[in-house]
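As structure tokens, the structure follows; a few thoughts come after it.
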Ligand code: E4P
């Protein structure tokens, strides 16, 4: 399972890139706004900076609600960077836009996916990847990871090539569960990436190794 960073924070993306484990980045209007990024020109500049740091797909979300607007935005975004994944929501207008953009050869990240049926529609429309929002389903008392498991199983059964990207990840345990469920990608906030690194026994073990080495070396 590949790991993407789910953030528009340049500093976090730089730190994630240094680890050598990040294959892409996902952004959305809320994540951009959190970093004070606003307007198409500002979003474009931020996305171009991200693309200079990460050599992989960068997801950029449209902000139109109608298919014509999404298509125009998607075609524009496709020119911004070498490897854009245009994020389109799982709405009626969204599916119209996905099918047009996919026919144009533009990679689409179908976002706000909350059901297997939406994933099936996306596969037929030509989505490159679908993003089930695990944490937001958990937040309303449902089992978000069950959706990932079901989507992966149905796609396998139907030999669908569309990728499954577990999104709205809330913690390191979600990453293990997404990988076990067969997700191709998990997009994770930076704090989750660092949670994945940490284990108290690693820290204690390292301290002990260094202490023993100092003693043996007469330090
Ligand atoms: C995915 O592409 C979205 O940007 C993201 O995972 C949403 O997560 P949230 O529910 O934490 O906002």
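Could you grab me the full set of residues in the stretch 62-79 that are surrounded by fewer than 17 Cβ atoms within 10 Å (Cβ to Cβ) and either touching a strand residue (DSSP E or B) at 6+ places or on another chain (Cβ under 9 Å) or within 21 Å of residue 4 (Cα to Cα) (or both)?
Listed by number, the residues that qualify are 65, 75.
Quick one: would you say residue 47 is within 13 Å of the ligand (Cβ to nearest atom), under 23 Å from residue 76 (Cβ atoms) and buried (at least 16 other Cβ atoms within 10 Å of the Cβ)?
Answer is no for this residue.
Taking residue 118 and the conditions (1) assigned to a helix (DSSP H, G or I); (2) buried (at least 20 other Cβ atoms within 10 Å of the Cβ); (3) touching a helix residue (DSSP H, G or I) at 6+ places or on another chain (Cβ under 8 Å), which numbered condition does it fall short on, given that it satisfies the others?
The failed condition is (3).
Evaluate the following for residue 137: is it within 17 Å of residue 187 (Cα to Cα) and in contact with a strand residue (DSSP E or B) (Cβ under 6 Å, 6 or more places away or on another chain)?
Criteria not met by residue 137.
Quick grid of which residues meet (1) touching a helix residue (DSSP H, G or I) at 6+ places or on another chain (Cβ under 6 Å); (2) closer than 24 Å to residue 166 by Cα; (3) at pLDDT below 95:
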| position | (1), (2), (3) |
| --- | --- |
| 35 | no, yes, no |
| 39 | no, no, yes |
| 47 | no, yes, no |
| 52 | no, no, no |
| 57 | no, yes, no |
| 67 | yes, no, no |
| 78 | no, yes, no |
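Would you call residue 113 surrounded by fewer than 19 Cβ atoms within 10 Å (Cβ to Cβ) and either more than 15 Å from residue 57 (Cβ to Cβ) or more than 13 Å from the ligand (Cβ to nearest atom) (or both)?
So residue 113 does not fit the description; no.
Counting only residues that are part of a loop (DSSP other than H, G, I, E, B) and near the ligand (Cβ under 10 Å from one of its atoms), which one in the stretch 1-44 is surrounded by the fewest Cβ atoms within 10 Å (Cβ to Cβ)?
The residue in question is 28.
The values are calculated or read from the model by the stated rules, or taken from the named source; none is laboratory data. The structure displayed is predicted, hence computed values, not measured ones. With ideal geometry, Cβ positions are generated from the backbone for all residues, glycine too; neighbour counts draw on all protein chains shown.
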